[in-house]
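J.: Dropping a structure here in structure tokens format, bear with me for questions.
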């Protein structure tokens, strides 16, 4: 891994973990000292992170991008539409191999420790990516991955809310069934309702935490 890539990975991890909180200034000289490197790798890393939507211009250079309820609404409103499209295309275009991958991803979710938020989020992400892949549209997959990257600044997962994990598993099972049956309309509706429920929980969490 080149120096700039390594610095990028470390800064990104610190943003996701909250070690660099929203609004934190990212001064090149200070960052270079923090990560034990020169300013050039830091500058290149910050440029990539800005493209990722994780940092933004501040009063003095760059800063960790701030959070807002409005942004949550924007992210989820777009994602609801795209997830429904992905599910519709998956039902239309899936192969038998896609079904094997979807069922395996769902099995992993069912075997996940429901007290481990990080593991829940990871297996949930893999399931959704399996749905995206079954639609066989690389542009849509790239768009959804880029959009999903914005949510890493909101690290608490909605799946830890009381009852949400069990409901998500049921919704995913119904989605696999609709895709298996090539019922595109049902698959799109299930995906849309699934993400709309996640949006409402995320908004509740933001209100409780005052979008810290």
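The values are calculated or read from the model by the stated rules, or taken from the named source; none is laboratory data. What you see is a predicted model, and the numbers here were worked out from it, not measured in a lab. FYI the Cβ positions are ideal-geometry reconstructions off the backbone, even for glycines, and counts take in every protein chain you see.
J.: How many residues are assigned to a helix (DSSP H, G or I) and in contact with a helix residue (DSSP H, G or I) (Cβ under 9 Å, 6 or more places away or on another chain) if we restrict to region 107-121?
T.: 6
J.: While we're on this one: Taking the condition more than 22 Å from residue 17 (Cα to Cα), touching a helix residue (DSSP H, G or I) at 6+ places or on another chain (Cβ under 8 Å), at pLDDT below 95 and crowded, with 17+ Cβ neighbours inside 10 Å, does residue 143 pass?
T.: It is true that residue 143 is more than 22 Å from residue 17 (Cα to Cα), touching a helix residue (DSSP H, G or I) at 6+ places or on another chain (Cβ under 8 Å), at pLDDT below 95 and crowded, with 17+ Cβ neighbours inside 10 Å.
J.: Turning to a different aspect of this structure: Residues being surrounded by fewer than 19 Cβ atoms within 10 Å (Cβ to Cβ), within 30 Å of residue 198 (Cβ to Cβ) and without any contact (Cβ under 8 Å) to a residue 60 or more places away in the chain: count how many of those fall in region 38-56.
T.: Result for region 38-56: 4.
J.: Let me ask something else. Would you say residue 150 is within 13 Å of residue 87 (Cβ to Cβ) and surrounded by 16 or more Cβ atoms within 10 Å (Cβ to Cβ)?
T.: Taking the combined requirement at face value, the residue does not satisfy it.
J.: Pull out all pairs, ordered by first then second residue, where Cβ-Cβ is under 9 Å, the residues are six or more apart or on different chains, the first lies in region 168-183 and is farther than 9 Å from residue 106 by Cβ, and the second is part of a loop (DSSP other than H, G, I, E, B).
T.: The qualifying pairs are 177/183; 179/94; 180/94; 182/94.
J.: Restricting attention to helices (runs of 4 or more DSSP H) lying wholly within region 20-106, give those where 3 or more residues are closer than 30 Å to residue 177 by Cα and more than 18 Å from the chain's Cα centre (by Cα).
T.: In region 20-106, 69-93 are the helices (runs of 4 or more DSSP H) which contain 3 or more residues that are closer than 30 Å to residue 177 by Cα and more than 18 Å from the chain's Cα centre (by Cα).
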